[in-house]
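Comments concern the structure below.
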Amino acid sequence: MGIADKAKNAAQDLAGKAKEAIGDATDNERLEAEGKKDQTEASARKAGENVKDAFKN
């Protein structure tokens, strides 16, 4: 996994956590769900990159 990919995934995860927290604080279910979705996508990408890395070595 390249450093740029790691940074992009970390940024998406962080943005998702922020959206979820803001959605929770403001009682905005749509924003909260969007934040959870962003976090899930970042986790899935990270897992996919880890699998690719495992086969490279």
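When the chain is modelled as a GNM with alpha-carbon springs shorter than 10 Å, which of Glu29, Glu20, Glu41 fluctuates the most?
Glu29
Relative to the Cα centre, what is the charge dipole magnitude of the chain, using +1 at the beta carbon of each Lys and Arg, -1 at the beta carbon of each Asp and Glu, and rounding to the nearest 20 debye? Please report the intermediate quantities before stating the final value.
Numbers: 11 positive and 12 negative charges, 78 e Å.
Roughly 380 debye, rounded to the nearest 20.
Roughly how many Å² is the accessible area per residue of the chain, as a whole number, for a 1.4 Å probe? Don't jump to the answer; show the numbers that get you there.
Details: 4190 Å² over 57 residues.
For the chain, the solvent-accessible area averages 74 Å² per residue.
For Ala33, what charge total do you get from the other residues with a beta carbon under 13 Å from its beta carbon, if Lys and Arg give +1 and Asp and Glu give -1? All intermediate terms of the calculation are to be shown ahead of the outcome.
Values: positive: Lys19, Arg30, Lys36, Lys37; negative: Glu20, Asp24, Asp27, Glu29, Glu32, Glu34, Asp38, Glu41.
Every neighbour counted, the sum reads -4.
Which net charge results for the neighbourhood of Lys8, defined as the other residues with beta-carbon distances under 14 angstrom from its beta-carbon, given Lys and Arg at +1 and Asp and Glu at -1? Let's see the in-between values first.
Details: positive: Lys6, Arg45, Lys46; negative: Asp5, Asp13, Asp38, Glu41, Glu49.
Taking every other residue near Lys8 into account, the sum is -2.
With a 1.4 Å probe and all protein chains left in place, how much of the accessible area of the chain comes from carbon and sulfur atoms, in whole percent?
Using a 1.4 Å probe with all protein chains present, the chain comes out at 57 percent carbon and sulfur.
Between Lys52 and Leu14, what is the label-point separation in nm under the 7 Å Cα-to-beta-carbon projection?
Here the answer is 2.2 nm between the modelled labels.
In degrees from 0 to 90, rounded to the nearest 10, what is the angle of the helix 3-26 Cα long axis to the longest principal axis of the chain?
In the chain, helix 3-26 runs at an angle near 20 degrees to the longest axis.
Hey, if you drop one equal point scatterer on each alpha-carbon of the chain and run the Debye formula without solvent, what base-10 log of I(q)/I(0) do you get at q = 0.15, 0.27 Å⁻¹?
So the normalised log intensities work out to -0.46, -0.93.
So what J values fall out for the stretch 29-36 if you push phi through Karplus, 6.51 cos²θ - 1.76 cosθ + 1.60 with θ = phi - 60°, rounded to Hz, Gly and Pro as x?
5, 5, 5, 4, 5, 5, x, 5
If contacts are Cα pairs under 8 angstrom and at least 6 residues apart, what is the relative contact order of the chain in percent?
Values: 50 pairs, mean separation 22.2, N = 57.
Relative CO of the chain lands at 39 percent.
The values are calculated or read from the model by the stated rules, or taken from the named source; none is laboratory data. This structure is a prediction, so every number in the text was calculated from the model and none was measured. Glycine gets a Cβ as well: all are built from the backbone with ideal geometry, and neighbour counts include every protein chain shown. Each accessible area value is taken on the protein alone, full model and side chains, heavy atoms only, with ligands, DNA and RNA left out. Shrake-Rupley method; radii C 1.70, N 1.55, O 1.52, S 1.80 Å.
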